[in-house]
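The block underneath contains the structure these notes are about, expressed in structure tokens.
Just so it is clear, none of the values below were taken in a lab; they were calculated from the coordinates. Since we're looking at a predicted model, the values are computed, not measured. In this analysis, Cβ positions are derived from the backbone assuming ideal geometry, glycine residues included, and neighbour counts consider all displayed protein chains.
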Amino acid sequence: MKHLAFACTVAFGVAVLASPALAQTKAAQNKSAQAPATKAAPAAVAAVAPAAPARFVKTMKGVATIDMIEGPSKKIGNEIVTVLKIKNTSPLAISLFKVDEYWYDKKRDVVTGDSYKNLKPFLPGDVLEVTLKAPIKPDLYQSQYQFSHAGGDIKPSRVKKFE
């Protein structure tokens, strides 16, 4: 007898809690009633896909690898602009990817530089186009890049084109 009373109480509780969740609102009923009319719309109107839900990606810890194509540095106005194309060749995403460019004079003293930070995860196989702009100073001789990320260091390799 106690088991039957417990089962009835549980069934009643489930029915009470589930009924509002399963009931359609009037707005939802109106949308479903209007749905056949919108399907007759011309094919030229493209439907917007819903946004993909956010997901977490596993990121690299330790040394990550990248391929880099370095463009020539150009003087534009009073800045020296360098464009890099960088591809993530690591098996996992790189978080908080950072590029620092340092410009040296002939005495090997740092004269100027610039920095780039990518705040989104840099997924495997993705290609970033990084533009570095540093103010022009007299006696610029040579530049150097330093790569880093939140989980460690980065081992870059220069390539002519991406595979």
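Among 72-85, 143-156, sorting by the average number of other beta carbon atoms lying within 10 angstrom of each residue, highest first, gives 143-156, 72-85.
Given a Förster radius of 25 Å and the C-beta distance between residue 137 and residue 116 as r, what FRET efficiency does 1/(1 + (r/R0)^6) yield to the nearest 0.05? Before the final figure, lay out the partial values.
Details: r = 19 Å, r/R0 = 0.78.
With a Förster radius of 25 Å, E is 0.80.
FRET efficiency for the pair residue 52 and residue 160, taken as 1/(1 + (r/R0)^6) with r the Cβ-Cβ distance and R0 = 22 Å, rounds to 0.05. Once the Cα-Cα distance is subtracted from the 0.36 nm per residue extended length, the residue 78 to residue 106 segment shows a gain of 8.0 nm. In this structure, the amide hydrogen of residue 111, modeled 1.01 Å from its nitrogen in the peptide plane, lies closer than 5 angstrom to those of 103, 104, 105, counting only residues at least 5 positions away or on a different chain.
Pairs spanning more than 24 Å between alpha-carbon atoms, out of 61/160; 87/133; 120/155; 85/117; 74/117: 61/160.
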